[in-house]
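Remarks on the structure that follows.
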Amino acid sequence: MSRVLMGAKKYMYGYPQAISIQTVSACNLKCKHCFINDYRIDIEDGVIKIMKFHEFVMVAERLKPMLKKASICYFSTFEAILNKNLFKMMDLVLDINPSIQFPFLSNTMELSIDKIKQLEKYPVPEINISLDGCSKKVVEDFKTEVSFDKIIETIQLLNTTSFKNKIAVTFVAHTGNIQELPDYVDFVNALGVKQIYVSNILTFTKNLEGLELYSKNGNAAAEALFNKAIQRAKKNKQIISMPQLTPTLKGCQASETFFVDLNGNVAPCDFLAVSTPFTLWGQTTKNAPVIFGNIYNEEPISIYRKQAFKNFRQAHREGKNLPVECENCIDAYGLMCSNRTVHY
């Protein structure tokens, strides 16, 4: 229902309902499957930086008319808590729009009790924890420098706060952890988690090939484990959102969010804000960044309403005639975050 209302507002007012400001383009982990590890290497134009507060003030001022009409504001798609000014940034946005909400994603390594208590003061509708397995070995083998014990301790801690019924987990499915998925559902249920998001791994470079579960003809073994996980979630009265294992051109929802990078550039997503490579079906493609404008040079709402940006969004909404830059990204084919099937 919330998505329907957001969509209605977007079409009625001609403003984006979700705004993402890249306050951080850095991470405290070095996970091999994350594209930020290729910054300055394969992604030569990737900049690792944490936005300063005075820079955010300028961004917020430029985005003020849009923030007033938005429903959601994201503070980076990376680990937002790394920015020591995060709470001041939230205060500033709330001064502009007291009704806006701040969904929060984290690997938990920087989430302390003090920071959780601070987060409780803000309109955070969901805390989404990255957890890719239910055993220490599987999780720590996949994510470099992560602590399985710390993740579990943080979930347990969140259950003692006002976030108790707002905890979600995201499971990135790959060949190394898929066997754990059914047990994972029961494991997080025992931790009080009722919302599960499953995504397929996105292979950026060829060295990640072989980890993916999806294929042009599907994957019967993985499908069976997906179905087993769905049945367990239903039994536990959890909500689990699942991607496909066979590609279907559906379009990507990321372009519906108004994404602004550290330099004020507006791109369809953080991947396309830089020259990110994508590997799919054995072929690696790499395109120039897709930039529709810069908020310091043009009015942000004018950028959003540009015909080129409208055409880009429309192609994804219709799931056909995809922009060439998106043809090798699995999110356009129902294989990652967009257009997952929700099971109750």
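The values are calculated or read from the model by the stated rules, or taken from the named source; none is laboratory data. Bear in mind the structure is a predicted one, so any value in this text is a computation, not a measurement. Methodologically, a virtual Cβ is constructed for each residue, glycine included, from the backbone with ideal geometry; neighbour enumeration extends over all protein chains shown. Side chains are part of the model used for accessible areas, which takes the heavy atoms of the whole protein and leaves out ligands, DNA and RNA. Shrake-Rupley method; radii C 1.70, N 1.55, O 1.52, S 1.80 Å.
Assorted remarks:
- Of the residues in the range 14-23, at least one is modelled with pLDDT of 90 or more, closer than 22 Å to Lys286 by Cβ and open to solvent by less than 70 Å² (accessible area, probe 1.4 Å).
- Subset of the range 259-293 that is more than 20 Å from Thr77 (Cα to Cα) and among the hydroxyl-bearing types (Ser, Thr, Tyr) - its residue that is least open to solvent (accessible area, probe 1.4 Å): Thr279
- If you go through the range 191-230 and pick out every residue that is assigned to a helix (DSSP H, G or I) and either under 24 Å from Ile127 (Cα atoms) or open to solvent by less than 40 Å² (accessible area, probe 1.4 Å) (or both), you end up with 6.
- Residues of the range 52-94 satisfying the condition of being touching a strand residue (DSSP E or B) at 6+ places or on another chain (Cβ under 8 Å) and of a type in the set (Asp, Glu): Glu79
- Restricted to the range 125-173, and to residues there that are among the acidic types (Asp, Glu) and part of a helix (DSSP H, G or I), the residue that is surrounded by the fewest Cβ atoms within 10 Å (Cβ to Cβ) is Asp149.
- Complete set of residues in the range 113-124 that are open to solvent by less than 50 Å² (accessible area, probe 1.4 Å) and part of a loop (DSSP other than H, G, I, E, B): Tyr122, Pro123, Val124
- Complete set of residues in the range 231-268 that are touching a Gly at 6+ places or on another chain (Cβ under 9 Å) and outside any loop (DSSP other than H, G, I, E, B): Glu256, Asn265, Val266
- Hits in the range 160-190 (condition: closer than 23 Å to Glu120 by Cα and in contact with a strand residue (DSSP E or B) (Cβ under 7 Å, 6 or more places away or on another chain)): Phe163, Lys166, Ile167, Ala168, Val169, Thr170, Val188
- Qualifying position, being among the small types (Gly, Ala, Ser) and without any contact (Cβ under 8 Å) to a residue 24 or more places away in the chain, among Ala254, Ala224: Ala224
- Whether a residue is of a type outside the set (D, E, K, R) and under 16 Å from the mean Cα position of the chain (by Cα) was assessed, and Phe271 passes this test.
- One residue stands out among those in the range 99-120 that are touching a residue at least 60 places away in the same chain (Cβ under 8 Å) and touching a Lys or Arg at 6+ places or on another chain (Cβ under 9 Å): the one that is nearest to Thr257 (Cα to Cα), which is Asn107.
- Taking the listed residues Glu299, Glu318, Glu256, Glu325, the one that is open to solvent by 40 Å² or more (accessible area, probe 1.4 Å), in contact with a Pro (Cβ under 9 Å, 6 or more places away or on another chain) and either over 24 Å from Asp42 (Cβ atoms) or among the small types (Gly, Ala, Ser) (or both) is Glu299, with no other qualifying.
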